[in-house]
Structures are given as structure tokens and as C-alpha cells.
Amino acid sequence: MDKKLKLAVIGKPITHSKSPEIHQDFANQFDAKIEFGKDEVTPDTLEKWLTDFFKNGGKGVSITLPLKEAALNYADEISDRARLASACNVVYAKDKKLFGDNTDGHGLTTDLENNLKVTLKDKKILILGAGGAARGIIPSIIEKKPAKLKVANRTESKVLLLKKDLEGKVDLKEKNTIFEAGDLSDDFLLDDSYDIVINSTSISTQAGESIGLPKALFKGTKLAYDLFYSAKKTIFMQEAFENGAEKVSDGWGMLVEQGAESFKLWTNLIPDTSRLLEKPID
């Protein structure tokens with residue numbers, strides 16, 4: 001790969017993103033040359049940014065909050081993963097077309113099963129939040145056939161729309177998965193106990209805020225997993241552990257694994273993630 005690949009990550013906030021360093025590590029494994037930018041982009045500026053980026057020789061873009069649902073509209077073709085998620089976190093140029101994909105679910109399930117040794121089959125799982133991050137992971141979780149998957153969101157109408165959209169695309173009966181959607185009320189949250197609780201909201205990016213969830217939620221929870229990654233425990237991880245979760249994890253492993261899948265889409269090369277998983281980037 002002699003030509004330098006032009007890549008980037010976009011979103012808001014974006015300063016915390018470690019994607020450039022992760023992909024540079026991947027590129028170094030193959031002596032590949034890359035240029036990886038990091039730009040703050042909002043839904044209002046997304047179309048112009050993508051147009052300019054690919055017009056000027058861009059190869060691929062990683063897309064983070066709050067752009068994952070909006071980005072779906074700018075690809076010429078989308079993968080089944082992106083279609084099922086109704087969100088994409090990767091847009092890349094190939095054969096004079098723009099392709100949209102979603103590697104979030106792959107990244108999460110790979111981290112859970114391969115790295116954290118947590119099986120999803122026949123488990124009860126709760127996801128907090130119903131935005132693009134949640135949409136990205138739900139289809140991959142359902143593929144693993146959990147016994148029950150519940151999604152809770154502050155705005156109930158948003159999560160009910162997600163449920164309706166998903167039921168039109170996935171045969172939940174074939175997966176033997178009960179799927180429920182509701183608000184963040186104690187009545188909805190506490191009528192079950194959960195093996196795994198996943199935070200897909202942005203609460204962990206807002207310093208000092210309590211997650212505002214009932215303490216009893218984490219009783220019996222084997223793993224509380226925050227999609228946000230941090231050098232220290234996030235507020236979600238802290239409160240989950242203090243209130244009974246056996247194990248907590250941030251989303252570093254998911255970020256690395258979804259990044260490896262994105263790198264493969266851009267380069268047809270499969271990087272080794274083990275070094276980054278053992279020693280996260282500061």
C-alpha cells in the first residue's frame with residue numbers, strides 16, 4: 001500500500017477520540033501509510049463535510065455521536081448491518097461509490113464474547129438509550145439469541161419507534177428473543193433482573209452527573225458495560241459497581257474491535273487488536 005490513505009473521525013464532541021491513534025497502530029502493523037484527521041462536525045454541517053472530504057481524495061470516515069443516524073442518508077449503498085441498525089458509523093469510498101456500514105455491533109459482541117468472555121445467548125440484557133449508538137448494537141446482540149432484550153429511554157416515543165422499526169426487519173420469534181421497550185421508570189426497569197446492563201447514552205460524557213437510575217437495578221447483574229470509554233471508571237460504571245454489579249467495563253475494547261473491522265473495510269487488511277487491548281492509549 002504505497003499511496004497514503006486519507007481517513008478521519010467526525011462527531012461532536014470529538015476531542016476525546018482515540019481513533020487516529022488506534023488506526024495508526026493498525027497501519028504500522030502493515031507498514032501502511034495513513035493520514036487520520038479528527039474534525040468536529042454537527043448534523044447541520046455533515047453533508048458539506050462529507051462532500052468535501054471525498055471530493056478531495058478521502059477514503060474512509062469513522063462516524064460517532066451524534067451523526068450515526070444522519071450519515072445513513074449520504075451513502076450510495078448501505079450494508080445489511082447498517083440497514084438493520086438504521087445507523088452507520090463508517091462511510092467509505094469504493095468503485096466511485098460511497099458505502100455505509102455499521103461495525104459497532106461487531107465491535108461490542110467481539111469484545112463481550114472474545115475479550116471479556118461473556119456469553120449473550122439466553123441472557124437477560126438491558127440497554128439504556130435509544131439513539132444511534134443503541135441502534136448500532138441491537139441487531140448484533142439479537143443475533144446472539146438472548147432470552148430477553150429490553151431497551152429503556154428517557155423519551156418513550158423514541159424507543160417505541162425503534163422497536164417498531166426493528167420488528168419490521170428482524171424475526172424475533174426465530175431468534176427466541178423477547179424484545180421490550182419502555183421509559184426509564186422504576187416500573188419498567190425493575191420488573192426484571194439483568195445479566196448485562198449496557199449504557200448507550202451520553203451521560204458518561206457529562207462530568208459529575210448521576211445516571212439517575214434506581215440502585216436496585218444492578219442487583220444480580222454480572223456485567224455493567226458503558227459504550228463510552230475512559231481511562232478511569234465512568235459515572236455509570238461507578239454507580240453500577242457500588243450498587244451490586246459483579247463486573248464493570250468501559251467501551252475501549254468495543255472501540256478497538258469495531259475499529260479493526262472498519263480498517264478491514266478500508267484496506268482489506270485484518271489487524272491484530274491484542275496489543276491495544278492489553279495497553280489502552282492514554
(message) With a cap of 12 neighbouring Cβ atoms within 10 Å, and only residues DSSP puts in a loop, list the trypsin sites (Lys or Arg not before Pro) found in region 199-282.
(response) Lys232
(request) Report ³J(HN,Hα) in whole Hz for each residue of region 38-44, in order, from the Karplus equation J = 6.51 cos²θ - 1.76 cosθ + 1.60 where θ = phi - 60°; Gly and Pro get x. (result) 9, 10, 7, 9, 10, x, 5
(request) Tell me which residues come under 5 Å, amide H to amide H, from Ile34 once H is placed; ignore anything under 5 positions away on its chain. (result) Leu5
(request) With θ set to phi - 60°, apply the Karplus curve 6.51 cos²θ - 1.76 cosθ + 1.60 along region 182-193 and write out the HN-Hα couplings as whole Hz, x wherever there is a Gly or Pro. (result) x, 8, 8, 5, 4, 4, 6, 6, 9, 8, 9, 10
(request) Could you list the trypsin sites (Lys or Arg not before Pro) in region 146-210 that lie in coil according to DSSP, counting only those with at most 14 other Cβ atoms within 10 Å of their Cβ? (result) Arg154, Lys169, Lys173
(message) Set the bar at 19 Å for Cα to Cα. Now go through Lys6/Lys55; Lys144/Lys233; Lys33/Lys59; Lys145/Lys169; Lys4/Lys279 and name every pair that lies beyond it.
(response) Lys144/Lys233; Lys4/Lys279
(request) Please name whichever of Ile137, Gly212, Ala27 sits farthest to the positive end of the charge dipole of the chain, dipole taken about the Cα centre and charges placed at Cβ: Lys and Arg +1, Asp and Glu -1. (result) Ala27
(message) Just to confirm my numbers, what's the Cα centroid distance between region 25-77 and region 136-193 in Å?
(response) 30
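Just so you know, all these numbers are worked out from the coordinates, no wet-lab data involved. No experiment lies behind these values; they were computed from the predicted model shown. Using ideal geometry, Cβ is built from the backbone for each residue, glycine included, and neighbour counts are taken over all protein chains shown.
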